[in-house]
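One structure is given below, encoded as structure tokens.
Every number in this text was worked out from the coordinates using simple rules, so none of it is lab data. Predicted, not measured: the structure shown is a model, and the values here were computed from it. Counting neighbours? That spans all protein chains shown, and the Cβs are built from the backbone with ideal geometry, glycine included.
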């Protein structure tokens, strides 16, 4: 913790960045984002296993970005998100410094995003055992059982879009669901509208999702919407060989190769 | 009318529930799913959740649904035929297990929906709803009803308020309205006469944290404060706070069009969304999150008391519990109170 605070103070005091994004103790047993703009505030920085909100969601927010160069406390999923965002031209070495942090609270100093990428590439995106089991159960269901499962889970959704807001990859200034001329996705939160919204979101995240669970953690109704993106990660692996966020910008499902084995694309 | 006080034995609650069902009333009560309690139509007494501080969502959805269809239309050449709202579809509904911080909210919603325009659909639903509430015997750090004019045993807005007299005790039933009396008449043998009962000692202790009148006065000069920016920087701009709130009433009118047929409906909306105030021109008078957060607080603690003579917050704490970024309204109100102007 001391190392983290020291590093944050150093970055602020040397004017290397204008703001350090980290975690602080929140209310109840929650932790929350802290924006360190002067070194006294850095003493509030904490890090422990409760710090699971993906802070990368803030680096594309105009209110935070407009402060100037940022530094971010980044666990592995946050680092993955940063690399993905960099490949989509949302952040770069000129506007972001990454302070890596291991689960044991050890600080990793990265000189640039390339070093972050090298670190990230040591680890594959793997679905954890508990969710793996749920996905297996879903796979074994008949289509009608699976339909019932998703109708039951998704019908309470009231479309507050906390999932979208908490997701670092959902940074579009105007989301498809907000269009009304034409209206692609029904606005009302009825059964069909909810299904369409969550399926559309999962599709837009395929090949980009960093499996941080921010969407499910943000859901006030505790709907396990991350199962959809996890399933997409599995499918991307079995059908397309999997993916890792990469600075080269080769997004799994938006990259065209002339020698693609599928002939419909040629 | 004067509040009538009766005693309901703990075993009689289930009988009361069954009598309501036998009388063909739809009963909404808290049900537990994925560790969260929410109001659902229930058929059996045993499915009602007991051990929770507060439901995730308020019970406003029963009277102000997240989607309310106003009309269906069909275009036929130049003719348009319209089928309006079916008032017969609004049937008698009992809300069971509501907390006093929700029942008070129905009064607030009533002021909003009858401010200038009388919203007949809202009024039809409210008039057909019977509110059987339960006092709170426990609270958490997010609760602050006593700071906004409520209390854990408030009868305001209830038709009957039940207070559990001790951990394994019977219930004091306070019959507040004629609708409540009608319920007593359905099951009069379950509502025994009783001497006066001190219910206060059985209620949760919710300390007063701020003075809402002081906050209201302060807000008159607070519009340009830098606090809005500081408070809202971590806000992610979702609508969770508004959707779980018992008094948030903003909505959007949407059409669901399928060629020649379609319907028009009212859907919940939130001032936290970046698109909430976007003009057709593209201009957005609330272009950053701090302006949207300011609107939320100003609306509840300044504009509503000024225009409707009611505050827009019942202190239920749901918004703070639901927020994925830990925007805690109580914390923010206290910090507004502490600022010297």
If N is the residue count of the protein assembly as shown, its Cα Rg over 2.2 N^0.38 Å rounds to 1.04
Per GNM of chain A with C-alpha springs under 10 angstrom, the most fluctuating residue out of A:112, A:54, A:29 is A:29
Most fluctuating of A:110, A:35, A:89 in the GNM of chain A (C-alpha, under 10 Å) is A:89
Zone reached by a paramagnetic label modelled 7 Å from residue B:70 Cα along Cα→Cβ, restricted to region B:249-292 with backbone N below 13 Å, covers B:251-256, B:263-268
Each residue of A:177-183 has, on average, a number of other protein chain C-beta atoms within 10 Å of its C-beta equal to 2
The rounded separation in angstrom of the Cα centers of region A:170-207 and region B:123-191 is 40
By the Cα gyration tensor axes a ≥ b ≥ c (a/c under 1.5 gives rounded; else a/b larger than b/c gives prolate, otherwise oblate), the shape of region A:123-238 is oblate
Once both label points are put 7 Å beyond Cα along the C-beta direction, the residue A:111-residue A:38 separation in nm becomes 3.4
For chain B, shape from the Cα gyration tensor axes a ≥ b ≥ c, cut at a/c of 1.5 then a/b versus b/c, turns out oblate
Rg (one decimal) and Dmax (whole number) from the Cα set of region B:212-338, in Å, equal 16.0, 58
For B:186-196, A:213-223, B:19-29, ranked highest to lowest by mean beta-carbon neighbours within 10 Å, the order is A:213-223, B:19-29, B:186-196
Averaged over residues of A:161-170, the number of beta carbons from other chains lying within 10 Å of each residue's Cβ is 4
For chain A, one quarter of the surface area of the C-alpha convex hull, expressed in nm², comes to 16.3
In this structure, the FRET efficiency calculated for residue A:259 and residue A:48 from their beta-carbon separation, with R0 = 41 Å, to the nearest 0.05, is 0.25
Using alpha-carbon positions, the gyration tensor of region A:2-120 gives root eigenvalues a ≥ b ≥ c; with a/c under 1.5 called rounded, otherwise prolate if a/b exceeds b/c, else oblate, the class is rounded
Helix-only [θ] at 222 nm, the protein assembly as shown, -39500 (n - 2.57) per DSSP H run of 4+, per residue, nearest 500, equals -9000 deg cm²/dmol
